[in-house]
Structure formats: C-alpha cells, structure tokens
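Student: I have a structure I would like to understand better, so I am pasting it below and will then ask my questions one at a time.
The values are calculated or read from the model by the stated rules, or taken from the named source; none is laboratory data. Everything numeric in this text was worked out from a predicted model, so none of it was measured. Quick reminder, even Gly has a Cβ in these numbers, built from the backbone with ideal geometry, and neighbours come from all protein chains shown.
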Amino acid sequence: MTIRKEVEAILAHLGVPATTGNLTVRTPITGEVIAQIATITPEAANKAIAQAHAAYLEWRNVPAPKRGELIRLLGEELRTNLEPLGRLVTIETGKLLSEGHGEVQEMIDICTYAAGLSRQLAGLTVPSERAKHRMMETWHPLGVVGIISAFNFPVAVWSWNAALALVSGDAVVWKPSEKTPLTALATQAIFERAAKKFGGVPTGLATLLIGDAKVGEQLVDSPLIPLVSATGSTAMGRAVAPKLAARFAKAILELGGNNAAIVAPTADLDLTLRAIAFSAMGTAGQRCTTLRRLIVHADVYDKLIPQLKKVYGSVVIGDPGAQGTLVGPLIDERSYNAMQKSLEEARTSGAAVTGGDRVPTTNDEAFYVRPALVEIGSQTDTVKRETFAPILYVLKYSDFADALALHNDVPQGLSSSIFTMNLREAELFLSATGSDCGIANVNIGTSGAEIGGAFGGEKETGGGRESGSDAWKQYMRRATNTINYGTDLPLAQGVSFDID
Ligand code: UN1
C-alpha cells in the first residue's frame, strides 16, 4: 500500500470526511504528496471565532467537573485511537513510530490530568483584616483561547492547551501548522466523537481552522480572543507578542530553545551517553527541548566524545516506521538547508564536524541526514542560534563556574541538564544562580518532559508555561471577593469616612 492510500485509510477510520483543496500535504518520509485539503477563508475564520465565542458563553455555565467529563471522554477516544493517530503523526512529521505513539500518550496523559483538575480549580480563602468579613478568590472561565501549534508536536501541544482550557470553561480555536493539518483534522474528528458521547457541546466549542499565517494573525488580532497560546519560532513570537500586548490580551509563548547539558567529571558516563543520544538525536533534533549544546569537563572529554562519535556514526537513519530506526527525516528541504548553513558557519569558525551529511534515499524530496557532532572552541553566534536540526555543539570546560556561564550565555532559556554525581554541583545547577531555564534536570536529558510539570522557558523562549502544575490559572480569570456578613462597615487600612 502506498503511504497516500494508508493515509486515506487512517483518515476514513478516524472519521475524517474526505476533502480536497489547495493545501498540499506531504510526508517527510518520502516527500510524496499524501493529501490536498481545503483552507478557510478570512470571512469564514471570523465567523468561526464568533461562533466559538458564543459557545464559550454557554459552556461557562456548565459545572467544571462536568466539563471534566468531556475531557475524560476525549482521553478515552484517544486511547482507542492511539495506534492510527500515532501512525499518522509519524507519517506527517517523520518522527519514529514509538514517538508518534508517545505523542498520543502525552495527549491521553493531559486528558487524565485535566479531568482530575476539573474538580480542583480552587481559589484561596484569605484572612480579612476586618471583623465579620471573608475574603476569597474565585476562578472563572476566560473566553476563547487561540492555539497556534507547530509541526513537530502537531497534536500534543493542542491537547495541553485544549484540555486545560475546556475544563476551565473556555472555548478553543486552533490553527495548526500548515505542514501537519491531517493530524489536526483527525484530532478534531476524535474530539467530535467525544463531544457526541458527552451528549453534545455548544457548536464551535473546539474549532479547527486550516490556513496560513494570516489565520494565525486573525486569532492574534481578534478582540474575542483574550488568550493566545503560540508555539513556534522566536521570530513568530516577536511578531505575535506586541500585537497581543497592544490589546492587553494574554499570551502563552513557547518559542525557541537552545538547550544545553553540562557533563561533570563524576558523571555516570554510560547513562550520560544514552541520555545525550535520545535528547540530541531523537525526533531528528526537531523538538524544542532537543539537546543542542554539550559542555563537557576536560577530564572526561576524551572518554565521552569518542564514544559519542561512535554512536553518531552507527545510529540507524531511515524510515521512522521501521524497526530499529532511531533517526527519521527532517521535515523538509528548508530545514536541511538551514542545517547545512549552520554546519558551514561552524566549519568556517574552525569547528570539527562529524556527520551532518545527507543520507541518500530513492526519493529526492526526502531529507535524511546523519546527526552532526560539532566540536567547537567557543560559543559563536552560530551556536547561540537555534537550528531546528540534529546538530550537537560540543564545548570543553575546566572550571564549573565557566561551564555555568557558558550554559546561560544564549538568548534562549527552555531546558537544561547536568550530569554529575556531585551533590554540590547538582544543587548549584538547580539553584537561583544555576541554570536560567524553565526546565532544569539532573542526570536525565533535556527532552521528553512529563505533562505533570509546567512546561516552558525563559528569555527568548517566551516565558509561557503550559501543561501541568498551576498552568491552568492562565486559562481562567481570577476574582478577589470580599464579603461583609456583619452590620458595620469597617474600611481597610483603618480609613475613616463617616457621613453622619
Ligand atoms: C515541543 O518540542 O514543542 O519535553 C514540545 C518534550 C515533549 C514536548 C516537546 N514532552 O520533549
């Protein structure tokens, strides 16, 4: 069966109606066209946003634990469809089958989390300084949440946002990457089945808009959308953030990462090697959490780096659906060219590059590369820039303070790791003067975060937090309530204002 036929079968199985249109969808596995689908017009998009707003006005009246039931059902539908949706993720993104399945598992996990959360959207009770007064916080639904997602986690990122937003009483409008609209259509069909099992939801509660950047702009500019959660490049964030700020809308931005790991002299090198391999080469270097910089102590450098070179030289590259493959294709030619440009710059600045070359296949439009290990003397501008491809820059250090300084000396601040058995180094790395990232790990890699923690990063990564912990608060508005159950009217701060 051709991939196109397989895609048609999966879409039919998941309940996606067959369409045709002007958006060409390709699989990075072979580069071949797998679908032609319709995009939305600006007028229809505006209508859909208005419809989502109307849905929110209804949905906010549904008790939160009932809203949680919808998300529980969504989780069930996803469980039932883990295999076909996971496979579709692999076909559309080129990530390994186990990673495709893992992505759907991540969706299921956030649904489980959000269903429980729906009974825990609790506010504080705060002691009042006034007699017979009670002070408390209440959390209310916010409105329509705009979700702009990237190709590399085409459906999990929607679910992090949608599961929390929907239990919070919001409606969601989603603009997925143009590179991955099929998994979005499949997810929408799965959501609609869950909504049906729920007994119906207001029309437009979860809306999918397939289109180009202009559709994203409509979400960003719409006065009906009080929060936009956008995942993508720092350049995209720079365009979006001021527009949202200008209309006092909220933003959750998940932008570029330039994640590093420090390998200290006491590191368990066997574990370190395996962690580096997954974080740096997994998903062909196309996670925002991918390990891009390795800062290795001089004492272990000559032991670790040859081992790493061996792994880089022997790792199986090819069809992400095949057993044994560890590195699938890059998303497209543009990504390949960006990788080659960065490697060329590194070579010019005197770096030693291992790998990075294109792995030939029968199809010219598929871009497979051997992951690159780049030994470089200093943190050049090339190293400081995120290249969304499997390039691992390796730097050497002798003094821990220098390693930390190098670690933090990049514009991005998403994820970070230290490999050490030295408690002082580990704790220092996690302390206020250590890693400046939103995620800081000890003895595990930079990628593959669980949904229970807040996910996001600092500096040019955008500052947003999605997924677990108290990220839900961003999807709600907080009211502080003070209730007087006495007969007097004492004023705060002891102010007197007697009118008789
Ligand atoms: C992303 O690359 O946009 O931590 C998200 C991870 C995944 C999510 C990555 N759970 O690598």
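Student: Based on this model, can you work out whether Ser128 counts as on the phi < 0 side of the Ramachandran plot, in contact (Cβ under 8 Å) with a residue 24 or more places away in the chain, surrounded by fewer than 22 Cβ atoms within 10 Å (Cβ to Cβ) and not assigned by TED's automatic domain parsing to the domain that holds Gly285? Step through it out loud before you land on a result.
Tutor: On the way: on the phi < 0 side of the Ramachandran plot: yes; in contact (Cβ under 8 Å) with a residue 24 or more places away in the chain: yes; surrounded by fewer than 22 Cβ atoms within 10 Å (Cβ to Cβ): yes; not assigned by TED's automatic domain parsing to the domain that holds Gly285: yes.
In short, yes.
Student: Look at the range 300-326 and say how many of its residues are touching a helix residue (DSSP H, G or I) at 6+ places or on another chain (Cβ under 9 Å) and part of a helix (DSSP H, G or I).
Tutor: Of the residues in the range 300-326, 7 are touching a helix residue (DSSP H, G or I) at 6+ places or on another chain (Cβ under 9 Å) and part of a helix (DSSP H, G or I).
Student: For Gly464, all conditions in the list (1) farther than 30 Å from Leu269 by Cβ; (2) more than 21 Å from the chain's Cα centre (by Cα) hold save one; what is the number of the exception?
Tutor: Gly464 satisfies all of (1) farther than 30 Å from Leu269 by Cβ; (2) more than 21 Å from the chain's Cα centre (by Cα) except (2).
Student: Let me ask something else about it. Scan the range 78-135 for residues that are small (Gly, Ala, Ser), over 24 Å from Arg67 (Cβ atoms) and in contact with a Pro (Cβ under 6 Å, 6 or more places away or on another chain) and report the count.
Tutor: Number of matching residues: 1.
Student: Filter the range 123-153 down to residues that are among the aliphatic types (A, V, I, L, M) and touching a Ser or Thr at 6+ places or on another chain (Cβ under 6 Å) and give me whichever is nearest to the ligand (Cβ to nearest atom).
Tutor: Here the residue is Ala150.
Student: Name the one entry in Thr290, Thr272 that is within 28 Å of Asn363 (Cβ to Cβ) and buried (at least 18 other Cβ atoms within 10 Å of the Cβ).
Tutor: Going through Thr290, Thr272 in turn, just one is within 28 Å of Asn363 (Cβ to Cβ) and buried (at least 18 other Cβ atoms within 10 Å of the Cβ): Thr290.
Student: Go through the residues of the range 154-170 one by one and say whether even a single one is touching a helix residue (DSSP H, G or I) at 6+ places or on another chain (Cβ under 6 Å), within 13 Å of the ligand (Cβ to nearest atom) and within 21 Å of Pro226 (Cα to Cα).
Tutor: Yes, that holds for at least one residue.
Student: Filtering the range 146-174 down to residues that are aromatic (Phe, Trp, Tyr) and in a helix (DSSP H, G or I), which residue is nearest to Leu330 (Cα to Cα)?
Tutor: Residue satisfying both the conditions and the ranking: Trp158.
Student: What single numbered condition from (1) within 16 Å of the ligand (Cβ to nearest atom); (2) out of contact with any strand residue (DSSP E or B) (no Cβ under 6 Å at 6 or more places or on another chain); (3) not in a loop (DSSP other than H, G, I, E, B) fails to hold for Arg292?
Tutor: (2)
Student: Return the only residue of Ile276, Ile225, Ile252 being at pLDDT 95 or above, within 16 Å of the ligand (Cβ to nearest atom) and not in a helix (DSSP H, G or I).
Tutor: The match here is Ile252.
Here's the yes/no breakdown for (1) surrounded by 22 or more Cβ atoms within 10 Å (Cβ to Cβ); (2) of a type outside the set (Gly, Ala, Ser); (3) within 16 Å of the ligand (Cβ to nearest atom):
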position: Gly282; (1), (2), (3): yes, no, yes
position: Gln286; (1), (2), (3): yes, yes, yes
position: Lys303; (1), (2), (3): no, yes, no
position: Pro329; (1), (2), (3): yes, yes, no
position: Glu333; (1), (2), (3): no, yes, no
position: Ala338; (1), (2), (3): no, no, no
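Student: Ok, one more. Could you give every pair whose Cβ atoms fall below 9 Å, whose first residue belongs to the range 214-231 and is on the phi > 0 side of the Ramachandran plot, and whose second residue is of a type in the set (A, V, I, L, M) and within 16 Å of the ligand (Cβ to nearest atom), counting only separations of at least 6 or pairs across chains?
Tutor: From the range 214-231, no pairs qualify.
Student: Out of all the residues in the range 380-407, which are in contact with an Asp or Glu (Cβ under 7 Å, 6 or more places away or on another chain) and more than 19 Å from Ile276 (Cα to Cα)?
Tutor: Selection gives Thr382, Phe400.
Student: Read through the list (1) within 16 Å of the ligand (Cβ to nearest atom); (2) surrounded by 23 or more Cβ atoms within 10 Å (Cβ to Cβ); (3) of a type in the set (A, V, I, L, M, F, W, C), then give the number of the only condition that Ala449 fails.
Tutor: Against the list (1) within 16 Å of the ligand (Cβ to nearest atom); (2) surrounded by 23 or more Cβ atoms within 10 Å (Cβ to Cβ); (3) of a type in the set (A, V, I, L, M, F, W, C), Ala449 comes up short only on (2).
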